[in-house]
Amino acid sequence: MSNQLLDVKGLKVYYSGLKGLVKAVDDVSFQVGKKEICGIAGESGCGKSTLASALARLIVPPGYIEEGQIVFDGTDLLKLDEEQFREIRWKRISIVPQSAMNALNPVMKVSEQIADAITAHENVPDRDLNERIPELLKSVGLFPEVARMFPHELSGGMKQRAVIAMAIALRPDLVIADESTSALDVTIQRLILQTLMDLRRRLGFSLILIAHDMAVQAQTVDRLNVMYAGKIVETGSAIDLFKEPLHPYSKMLISSVPSLKAKKIFEAIPGLPPNLINPPSGCRFHPRCPHIMDICRIEEPKLCEVRRNGLVACHLFGDGIEQRI
Amino acid sequence: MDWSPVICLVMALSNESRLEVNHVTKIFQLRGGVFKKTKELVAVDDVSFSMPREPIILTFAGETGSGKTTISKLILGFSKPTSGEIIYNGKNIWKMSKEEWMRYRKDVQAVFQDPYAAFNPFYRVDHILKLSIRKFKLVNSKSEVEKIADEALDAVGLRSEEIAGKYVHQLSGGQRQRVMVARAFLLKPKIIVADEPVSMIDASMRASLLNIILNLKKEFGVSFLYITHDLSTAYSLSDRIAILYRGTIVEEGHIDAVIERPAHPYTISLIDSIPTPNPTDRWTQRINIAMDNGGEGDKHKGCIFYDRCPNALETCLQKRPGMIDIEKDHRVKCFR
Amino acid sequence: MVRFLEALRKRSGFANELLRNRKILAGIVIFLGMSLISVAGSYLAPYNPMRLGTFPPEMPPSFPAHILGTDSIGRDLLFLLFISILNSLQIGLAVAGFGTIFGLLVGLISAYSGGFTDSALSTVTDIALVVPMLPVLILVSSMIRVVEISTMILILIIFSWAWTSRTIRAQTLSLKERDFVYMAKLSGMGRFEIVFREITPNMISYVGVNFFGTCFWAITAEAGLSFLGLGPQTTTTLGNMLYWAQNYSSIYKGLWWAWATPIVAISVILVALYLVNIGLDEVANPKLARQRL
């Protein structure tokens, strides 16, 4: 489909650890369209950050990509060598990594760091840089004076915006934002999300928003993928998914968000987070699922289309036949 | 026999609050370097509140820089107020004798934000439990130590077999946090200061921890000072709330009053910025927070929220507003 | 104290990690090996190896009489070597042990007390760091008639504790703000107890690295000082052997066994210590450990 920008097929990313093989991302497939905002939700340890790193080919040992394809605009990124990928990284796909605020070099000025990000991937003369950097800062809502400052002089929100500026510096087609607002106050979070949305409208890139906060996902994304224990358990349009979540895990995640409209008792998801070295047999969610059936312990459900553009991996739905759009 | 003086005394005692914080201010001196003057950072500015004897859950809500952590440190006695007093059962905590201070320590406990950092990685997790028991001489014999530890773990829903002999890194975030609560509860305190207890725990496990807090209050009568930046959990959890901004309480009162009828512009913007898990109910207005220039801008004598207030008046620049009662159990620090 | 050792023993996981690391193992094996051989060897000597003129001087190595030859003043080099190694190791370990303990105490007290105590102790530490060793030593040796091993140890301790103190102080400063220290305070622990039972165990790797680093430095320093003639004169050390070798122009005369022997011995010891140090670093620093896999 010409409208598709990214097509991930059967991606497996494992880590060889002291105690065994950690299957952080286990057979994940999803698509991102052009100019689409795609969300990936799930709690810590579900594999979403590993997925983000894999998309930007930033997996380092002891992690490795076991198999899979990442087809970006027709090319399988995993088949490119380092030189070829350099053409893509940052220019066409960029990433705002988790805790990016802490990734800023404390002894370099902001402008120097942005310049570094640019010149590492493009040959730009200094004169142009001096024009582009203030433009960039303005586009993320920072005063141009920020360029001369050091990271410790900036607040959390400003640091996050500086990192976003670095990510969009070369006008990529795809931006991956990994937990970009988790450490921020709620008002700053809103501001950052607003900034991201503005930038997206202006520059037209696709955005993959990785966040564990379901409310944030609801407010921003077009489509949402819910991950659990290294697999995608549900995917669908934001409106459909939130109105009627199908997978029990999605349902519980959404209902665990406390609300200000009514007081309700806190609903917990029973059990412990899954062990990725030795995941539960069959459906990985079965030890914690309130609707567990016998088959859930034995057979792993596949993603099947239950409603238009909506896939669920659960034995409560579908008949096990895998369908892909 | 005339019981009235006794009754009066009893009533007086029961009306007196357990913990009172009176006009406490904490100013940090920052060294500016060789050529700059010493800068002052006003972390807490004239804060007053009290915790009554009946068990309640009082929330302190504020963002980073609001001073909420400093307040918790002041209450726990880790830091001395620059001015003002903290009174417990009628006595200023900095003027207490050694026994009174031990009593205070026992009655006022804490749970911290980062469940991993709160445990010494060198020891097993039950080290901190046994330590508390020993230090406060809760028991007389060694065999009873195990019993009390088990009771505390039970109250937070953990079985002692689950955590026996384990180190911090072998437990999940939720389990660690529960052990921390168990440790605090062990000493049968009257007040537990909980500083962002759930912000570092996954959503699926937050609920169980919050339920534990509610349970401790209902069943064991423990009051909580719940410090958070997340208003939504506060709404379902607490009885009263105080909103902090840059070191002062800008609005406080009963939880329903403040959340359903917020008066201070900061409270309003805070509530408004909380995302709801409903894609059809998205933020329509754009917000425009003035650029944060690191707190340099409040050299004027007026209201601290002046820079960000959409309804600012002339008077706001010149005078500090005081606390005004709006309705029953609902006060606001604003001229409107 | 008992509880501390108990905790140490129970923490078998940590001890296992230490011993599993190949570098540490190699280093310790070499170190112990050399020590044991030297001890055994020095006991086997049928005569006092330090007595001058026992044998014809400057004889090249020959089997089986003089495996390493003799030096220019008539001593058998092999047995001399054993005693020298023992003495040098003794100096190294003594300096490392006392220096590290002293530095640890000063660093801990300084950092935890803060305020005036901290400033005072820090100033003392800085002065100890800045004073140049060589001129002071020359001064001292010109004043003292005979330099013994114990004198040497004392002098080296004075110059070595300051570095440990600084590292420990920095580490304590950062540790004392950690949550678990606050937890300990809330549980009713007193200041000194917190320092020794909560903070110190977390610094074991730093103390270990400092210990072996100081040992390394002490052995090198002793070798250098003895080579210059400032070292102990009552007994022989590795540096001392070098001194005599140089004194009698062994290099010019081609008596390679006289100067090669101590140099090789020193190198082997230092390599062993270095291996242990790197190994300790790997175990203590989780990031490096992960890369190993």
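The values are calculated or read from the model by the stated rules, or taken from the named source; none is laboratory data. The structure presented is a predicted model; accordingly, all values stated were derived computationally and were not measured. As a convention, Cβ positions derive from the backbone with ideal geometry for all residues, glycine included, and neighbour counts pool all protein chains shown. Surface accessibility is based on the protein's heavy atoms, side chains included, excluding ligands, DNA and RNA. Shrake-Rupley method; radii C 1.70, N 1.55, O 1.52, S 1.80 Å.
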For the interface of chains A and B, what total accessible area is buried with a 1.4 Å probe, rounded to the nearest 100 Å²? 4000
Calculated [θ] (222 nm, deg cm²/dmol) that DSSP helices of n ≥ 4 give over the protein assembly as shown, each run adding -39,500 (n - 2.57): -14000 deg cm²/dmol
Once Lys and Arg get +1 and Asp and Glu get -1 on their Cβ, which of A:Leu21, A:Gln113, A:Asn225 lies farthest toward the positive end of the dipole of chain A? A:Asn225
A:Ala103 versus B:Lys98, label points 7 Å from Cα toward the beta carbon: distance in nm? 5.4
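What does the structure give for A:252-260 when I average, per residue, the other chain Cβ atoms found within 10 Å of the residue Cβ?
For this peptide, the per-residue mean of nearby foreign Cβ atoms is 6.
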Would you mind checking the tilt of helix A:186-203 against the longest principal axis of the Cα atoms of chain A, expressed as 0 to 90 degrees and rounded to 10? 80
Could you check the simple spin-label distance between A:Asn275 and C:Ser150, using points 7 Å along Cα→Cβ, in nm with one decimal? 6.0
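Considering only the protein assembly as shown, what is the antiparallel percent among its DSSP beta bridges, to the nearest 5? Don't jump to the answer; show the numbers that get you there.
Details: 62 of 98 bridges.
That works out to approximately 65 percent antiparallel.
Excluding same-chain pairs closer than 8 in sequence, count the lysine pairs in chain C whose Cα atoms lie under 27 Å apart.
Eligible lysine pairs with Cα atoms under 27 Å apart amount to 7.
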Average Cα contact separation per residue, the stretch B:13-260, under 8 Å, 6 or more apart, as relative contact order %: 28
Inter-probe distance in nm under a simple model that places probes 7 Å from Cα toward Cβ, at B:Ile27 and A:Val60: 4.6
Spatially proximal lysines relative to A:Lys159 (Cα-Cα < 17 Å; intrachain offsets below 8 disregarded): A:Lys109, A:Lys138
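When the accessible area of chain A is split by element with a 1.4 Å probe, what percent falls to carbon and sulfur?
Numbers: 7270 of 14300 Å².
On chain A, the fraction of accessible area on carbon and sulfur atoms equals 51 percent.
Place a +1 charge on the Cβ of each Lys and Arg in the protein assembly as shown and a -1 charge on the Cβ of each Asp and Glu, then give the dipole magnitude about the Cα centre in debye, rounded to the nearest 20. Write out the running numbers ahead of the final one.
Working: 107 positive and 95 negative charges, 272 e Å.
Value, rounded to 20: 1300 debye.
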Comparing the chain by itself with all protein chains present, which residues of the stretch A:160-192 are at least 40 Å² less accessible (probe 1.4 Å)? A:Asp185, A:Val186, A:Thr187, A:Arg190, A:Leu191
Positions from the stretch B:99-120 whose accessible area shrinks by 30 Å² or more when the full protein complex is built, not the chain alone, probe 1.4 Å: B:Arg105, B:Phe112, B:Ala117, B:Ala118, B:Asn120
Once phi for every residue in the stretch B:54-71 is put through the Karplus expression 6.51 cos²θ - 1.76 cosθ + 1.60 (θ = phi - 60°), the whole-Hz ³J(HN,Hα) values, with Gly and Pro written as x, are 5, x, 9, 10, 9, 9, 10, 10, x, 8, 5, x, 7, x, 5, 5, 4, 4
Which of B:Lys106/B:Lys217; A:Lys12/A:Lys251; A:Lys9/A:Lys48; A:Lys264/A:Lys302 exceed 23 Å between C-alpha atoms? The answer is A:Lys12/A:Lys251; A:Lys264/A:Lys302
For the stretch B:187-214, state which residues have at least 30 Å² less accessible area in the presence of all protein chains than in their chain by itself, taking the probe as 1.4 Å and leaving out ligands, DNA and RNA. B:Asp202, B:Ala203, B:Ser204, B:Met205, B:Ala207, B:Asn211
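Would you kindly calculate the translational diffusion coefficient of the stretch B:13-260, applying Stokes-Einstein with the Kirkwood radius from alpha carbon pairs, for 10 °C and a viscosity of 1.306 mPa s, and quote it in µm² s⁻¹ without decimals? Kindly include the intermediate steps, with their values, before the conclusion.
On the way: Rh = 19.0 Å.
For these conditions, the coefficient is 84 µm²/s.
Can you tell me what the convex hull of the Cα atoms of the protein assembly as shown projects to on average, as an area in nm²?
Working: hull surface 211.8 nm².
Value for the protein assembly as shown: 52.9 nm².
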Can you figure out the FRET efficiency of B:Asn140 with C:Ile101, using R₀ = 41 Å and their beta-carbon distance, to the nearest 0.05? 0.65
Rounded to the nearest 5, what % of DSSP beta bridges with both residues in the stretch B:13-260 are antiparallel? 55
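Stretch C:Tyr252-C:Ser35 to full length: gain in nm at 0.36 nm per residue minus the Cα-Cα span?
On the way: separation 217, 0.36 × 217 = 78.12 nm, distance 3.16 nm.
Difference between extended and current length: 75.0 nm.
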Once both axes come from the Cα atoms, what is the angle between helix A:126-139 and the longest principal axis of chain A, in degrees from 0 to 90, rounded to 10? 50
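With every protein chain left in place, what is the accessible area per residue of the protein assembly as shown in square angstrom, probe 1.4 Å? List each step's numbers first, then the result.
Values: 45210 Å² over 954 residues.
Heavy-atom accessible area per residue stands at 47 Å².
By Kyte-Doolittle mean hydropathy of at least 0.5 and Cα axial length of at least 24 Å, which whole DSSP H helices of chain C are selected? Write out the running numbers ahead of the final one.
Working: long enough: C:22-44 (32 Å, 1.59); C:77-113 (52 Å, 1.93); C:149-175 (38 Å, 1.12); C:204-227 (34 Å, 1.12); C:256-284 (41 Å, 1.56).
Those that pass (Cα extent of 24 Å or more, hydropathy at least 0.5) are C:22-44, C:77-113, C:149-175, C:204-227, C:256-284.
Could you work out the percent of alpha carbon pairs in the stretch A:235-313 separated by over 19 Å, rounded to a whole number? Display every interim value, and only then the final one.
Working: 1453 of 3081 pairs.
The calculated P(r) of the stretch A:235-313 puts 47 percent of pairs beyond 19 Å.
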